[in-house]
Amino acid sequence: MTSKLADIAEYTGLSISTVSRVVNGHTRKYRISDKTKDLILSAANELNYRPNALARGLRLKKSHSIGLVVPDISNPFFAFVTRIIQNYAHSSGYSLIVCNTDESIDSEKEQIELLLSKGVDGFIIMPVGIESAHIEELLKENYPMVLLDRCFESLNTNSVLVDNYMGSYTATEHLISLGHRDIAIILGLKNTYTTNERLRGYKKALEDHNIIVNSNYIVGKDYRIENGYIETKFLLNLETRPSAIFTTSDLITVGALKAIYEENLKISEDISIVAFDDSEFAPFLKSPLTAIRQPKEIMGEMAVKLLLADINSNKSDLEKSKIVLKPKLIIRESVSDKRVLAVI
C-alpha cells in the first residue's frame, strides 16, 4: 500500500510541508539539512512512498506546474476564473492542476496534500474559508501561494479579491435610490470573510439611509442553487414581502429566479433583484439582471502574476501583496423604480 505525505510526516515528526519539499527536490531553496533530507527519504522508502514522487525528490529543477484549489467548479464564477488562470499559466509556460473541494474543508485539506505530492511549484487557493490552520502551516514553510477571492485577515499572504463590502453597499444603495426599503439579502457560506463583508456592506447602506435592518430579510447559508431557491420561497411568503432581493452569488441567483417564476411573479414588476457576480447569463434573461460585476479576468491574471513572482524570487521573505479590486454596478432592467409608482 502506498503511503501519503502525512504518513511520512508522522513517522519522522516533521511537517507535511518539509516532507513535500524534500521529496520534490526543494531542499536547497529552503535550506533543509542533509540530515533531515536523508531522514525523510529513508522513511519514504520504508513506508513505500510513491516511486514517482521519490524520483522527483532527486531532482532540483522546478516542475513548472501550479496547483489550483477551487471550492465549486460548477459555480460559473469559479469556472470562468479557472479558465483565465489556466490560459495565463499556460502562456507563461506552466501547467495547471485543478482540484475541486465541493465547499468541503476536509476535501480542501486532502486536495492540498495531493498537490504537494505532485510537486507543484506553488498554489492558487480559493478556500472554503471557514478554517485556515492547514493553509497557515504551508505559509510557515514559505511555500509560494496566493489566496484568491476568499481570504483570511489573520494570514500574511499574497491575495487577490474584490471589495465585497463596497460591492454589497453599492447594490443595496442602488435599490434604496429607486425607492426600495424592504430589501432582503441571500447570503453564501456563513462565517467566511466574503459573506461577512457582503453582509456588512448591506447593513451599512441601510443604516446610512435610516432604514431599520429586518432580521427576517437576512437569510442564506451557502452558495448553492438550492439555497437561493429555498430562501427566496421563504422571503416571498413572509407577511411583509420584500420588494427587492439582493442575491450574493451566481448560483443563488439561479435558485432565486426559479422560485420567483414558480410564484408567477414578474422580475422588476412584482419583485426586484440585484445579483452579485454578473454571470454571463445575466444580460440574456427576459428581464436582464442588474448586477455587481467582479473583474474576473483581472483577478485570475493577477493571481498567476503574484504566484509566479513568488516562485521565481527564490526568497522566502518576499513582501506579500494584498490586491483589492473594485466591483462595478451594471444597471439593466431587473429593478423597478418605486419612486415613480409612489407618484402614480
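Is it the case that Arg241 is modelled with pLDDT of 95 or more, of a type outside the set (Gly, Ala, Ser) and within 19 Å of the chain's Cα centre (by Cα)? So Arg241 fails the test. Just need a number here: residues in segment 89-113 that are touching a Lys or Arg at 6+ places or on another chain (Cβ under 9 Å) and under 18 Å from Val23 (Cβ atoms). The qualifying residues number 2. Exactly one residue among Glu113, Glu103 is more than 20 Å from Leu5 (Cα to Cα) and out of contact with any His (no Cβ under 6 Å at 6 or more places or on another chain), and that residue is Glu103. Could you pull out the residue among Thr240, Thr253 that is crowded, with 16+ Cβ neighbours inside 10 Å and of a type in the set (S, T, N, Q)? The conditions single out Thr253. Taken together, Ile135, Ile130, Ile85 contain a single residue that is over 30 Å from Ile331 (Cβ atoms), under 16 Å from the mean Cα position of the chain (by Cα) and buried (at least 20 other Cβ atoms within 10 Å of the Cβ), which is Ile135.
Part of a helix (DSSP H, G or I), aliphatic (A, V, I, L, M) and within 16 Å of Val120 (Cβ to Cβ) - does that describe any residue in segment 36-43?
no
Tell me which strands (runs of 3 or more DSSP E) are completely within segment 236-338 and hold 3 or more residues being not aliphatic (A, V, I, L, M), or say none if there are none.
Answer list for segment 236-338: 272-277.
Could you pull out the residue among Leu206, Leu251, Leu189, Leu199 that is over 18 Å from the mean Cα position of the chain (by Cα) and of a type outside the set (S, T, N, Q)? Only one candidate qualifies: Leu206.
The single condition among (1) modelled with pLDDT of 95 or more; (2) of a type in the set (Lys, Arg); (3) over 30 Å from Ile230 (Cβ atoms) that Lys320 does not satisfy is (1). Ile230 fulfils the conditions (1) under 20 Å from Leu329 (Cα atoms); (2) assigned to a helix (DSSP H, G or I) except for a single criterion, (1). Count of segment 198-223 residues, restricted to those that are crowded, with 21+ Cβ neighbours inside 10 Å and over 21 Å from Val335 (Cβ atoms), is 1.
In segment 250-272, the residues that are over 26 Å from Thr195 (Cβ atoms) form Cβ pairs under 8 Å with partners that are among the polar types (S, T, N, Q), at six or more places apart or across chains, as follows: Lys266/Ser287; Ser268/Ser287; Ser268/Ser334; Ser268/Ser336; Glu269/Ser336.
Restricting segment 187-197 to residues that are assigned to a loop (DSSP other than H, G, I, E, B) and out of contact with any helix residue (DSSP H, G or I) (no Cβ under 8 Å at 6 or more places or on another chain), the residue that is surrounded by the fewest Cβ atoms within 10 Å (Cβ to Cβ) is Asn191. For segment 73-103, residues that are touching a Ser or Thr at 6+ places or on another chain (Cβ under 7 Å), among the hydroxyl-bearing types (Ser, Thr, Tyr) and not in a loop (DSSP other than H, G, I, E, B) total 1.
In the set Ser168, Ser159, only one residue is within 19 Å of the chain's Cα centre (by Cα), surrounded by 23 or more Cβ atoms within 10 Å (Cβ to Cβ) and within 28 Å of Asp270 (Cβ to Cβ); that residue is Ser168. Restricting segment 138-156 to residues that are surrounded by fewer than 23 Cβ atoms within 10 Å (Cβ to Cβ) and farther than 20 Å from Thr27 by Cα, the residue that is nearest to the chain's Cα centre (by Cα) is Arg150.
State all residues of segment 288-315 that are surrounded by fewer than 17 Cβ atoms within 10 Å (Cβ to Cβ), touching a Lys or Arg at 6+ places or on another chain (Cβ under 8 Å) and among the polar types (S, T, N, Q); if no residue qualifies, say none. Residue satisfying the conditions is Asn314 alone. As a summary of the residue check, Ala89 satisfies the conditions (1) more than 26 Å from Ile252 (Cβ to Cβ); (2) touching a His at 6+ places or on another chain (Cβ under 9 Å); (3) not polar (S, T, N, Q) except for the one numbered (2).
When each of Ser95, Ser117 is tested for being without any contact (Cβ under 8 Å) to a residue 60 or more places away in the chain and either out of contact with any helix residue (DSSP H, G or I) (no Cβ under 8 Å at 6 or more places or on another chain) or not hydrophobic (A, V, I, L, M, F, W, C) (or both), the lone residue that passes is Ser95. Residues in segment 108-127 that are of a type in the set (D, E, K, R) and buried (at least 24 other Cβ atoms within 10 Å of the Cβ): Glu108 alone.
The values are calculated or read from the model by the stated rules, or taken from the named source; none is laboratory data. Every value quoted in this text rests on a predicted model; they were computed, and no experiment measured them. Cβ sites come from the backbone with ideal geometry, for glycine too, and all protein chains shown count toward neighbours.
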